[in-house]
Structure formats: C-alpha cells, structure tokens
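The values are calculated or read from the model by the stated rules, or taken from the named source; none is laboratory data. Remember, predicted model here, so these are calculated numbers, not experimental data. Here the Cβ is made from the backbone with ideal geometry for all residues, glycine too, and neighbour counts use every protein chain on show. The accessibility values were calculated without ligands, DNA or RNA, using every heavy atom of the protein model including side chains. Shrake-Rupley method; radii C 1.70, N 1.55, O 1.52, S 1.80 Å.
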Amino acid sequence: MIISFDLDDTLIAKNKFRLEKTNLFQQLFGIENIREGTIDLFKQIKKRNYKIYVYTTSHRSARRIKWTFCSYGIPVDFVINQQKHQKEIKKHNINCSKFPPMYNINIHIDDSVGVEMEGEKYGFKTIIISEKDEDWVQTILNIL
Ligand SMILES: [Mg+2]
C-alpha cells in the first residue's frame, strides 16, 4: 500500500497548527517545521509496511523535501513536486491538480476540498484533513 501526503496546510504551515520541535541542527539548516504528530503518524504507517510519498503542488526541490523528513528521522520513499507532476500529467489526457493513480498511490491525504472533488471525478481515494483537526493522526489511522 502506498500513502501520499500533501505538504502545504496538511503537514507544513505557519500559525495553523502546532508543530514538531526542531533541534539546533535543524534550525541551523533552516529545516521547515512539520505538524505535530507527523513523526508518530509516519512511524505507525511504516510499522504497517506501507510506503509514504509526498505529493505537493509546490516547487520545493525533491531533495529538499527528502532532507526535511530525514532530519526528523522519518524518511519518505518518494517525492512528487509540481515539476514532476506537470511532466507526467502531460502523458494523460486529464486536467487535474494531483493524480495519485499515476504513481500507484492507494490513498492521498490533503487539506483541499478541490483535491477531494478531483478524487471523486477521476476515481482516486483521498482523506481530507482539516487544519483544525487536533486529532488528525487518529483520524487518518482510523481510515487506513
Ligand atoms: Mg495543501
């Protein structure tokens, strides 16, 4: 099973939800803060032997994103950023901001209702998490 996560407003945001603590090393290298609970959630998902992908419409480089999660001790298996998505979606005849089946992703987790609607239209599974959901880790684990 492959699970993918959106970044902005799902795992990364300023002043929207509580964040994981960073160490001096991370602060020194300007590593972005991630949502509180992400470390625990990713560890639990890995325990189930699922793969974790990041699927974002941001232009952050794949290397930087991988590095961010590595620094928290929760490496991700694969990163799809906007550049990669744009290149790949051209091969399919659809107009979609994200298209997880293209990467064999079973469930995509996002904050966007627009992505949820795309999922309904194009037949892929999503879990939509509100930035206000303090119990978001459990919300996800209950569905997976
Ligand atoms: Mg988002």
Next on the checklist: Filter the range 1-16 down to the residues that are in a loop (DSSP other than H, G, I, E, B) and open to solvent by 20 Å² or more (accessible area, probe 1.4 Å) and list them by number.
Outcome noted: Met1, Asp9, Lys14, Asn15, Lys16
Checklist entry - Based on what the data block shows, is Val79 farther than 20 Å from Leu19 by Cβ, in a helix (DSSP H, G or I) and open to solvent by less than 30 Å² (accessible area, probe 1.4 Å)? => result no
Checklist entry - In the range 32-55, is there at least one residue being touching a helix residue (DSSP H, G or I) at 6+ places or on another chain (Cβ under 8 Å), under 18 Å from Ser112 (Cα atoms), within 12 Å of the ligand (Cβ to nearest atom) and not hydrophobic (A, V, I, L, M, F, W, C)? => result yes
Checklist entry - Within the group Lys91, Lys98, which residue is within 14 Å of the ligand (Cβ to nearest atom) and part of a loop (DSSP other than H, G, I, E, B)? => result Lys98
Item to check | Residue list for the range 82-105, restricted to those being within 13 Å of Ile2 (Cβ to Cβ) and open to solvent by 70 Å² or more (accessible area, probe 1.4 Å) | outcome: Asn104
Next on the checklist: Quick check on the range 17-26. Is at least one of its residues open to solvent by 60 Å² or more (accessible area, probe 1.4 Å), closer than 15 Å to Ile129 by Cβ, touching a residue at least 12 places away in the same chain (Cβ under 8 Å) and more than 12 Å from the chain's Cα centre (by Cα)?
Outcome noted: yes
Checklist outcome for this item: Filter the range 59-75 for residues that are surrounded by fewer than 16 Cβ atoms within 10 Å (Cβ to Cβ) and in a loop (DSSP other than H, G, I, E, B); the one that is modelled with the lowest pLDDT is His59
Checklist entry - Between residues in the range 117-139 that are open to solvent by 50 Å² or more (accessible area, probe 1.4 Å) and residues that are polar (S, T, N, Q) and not in a strand (DSSP E or B), which pairs lie under 7 Å by C-beta distance while being six or more apart or on different chains? => result Lys125/Asn106
Checklist entry - Limited to the range 37-58, what total is found for residues that are over 14 Å from the mean Cα position of the chain (by Cα), part of a loop (DSSP other than H, G, I, E, B) and free of Cβ contacts under 8 Å to residues at least 60 places away in the same chain? => result 1
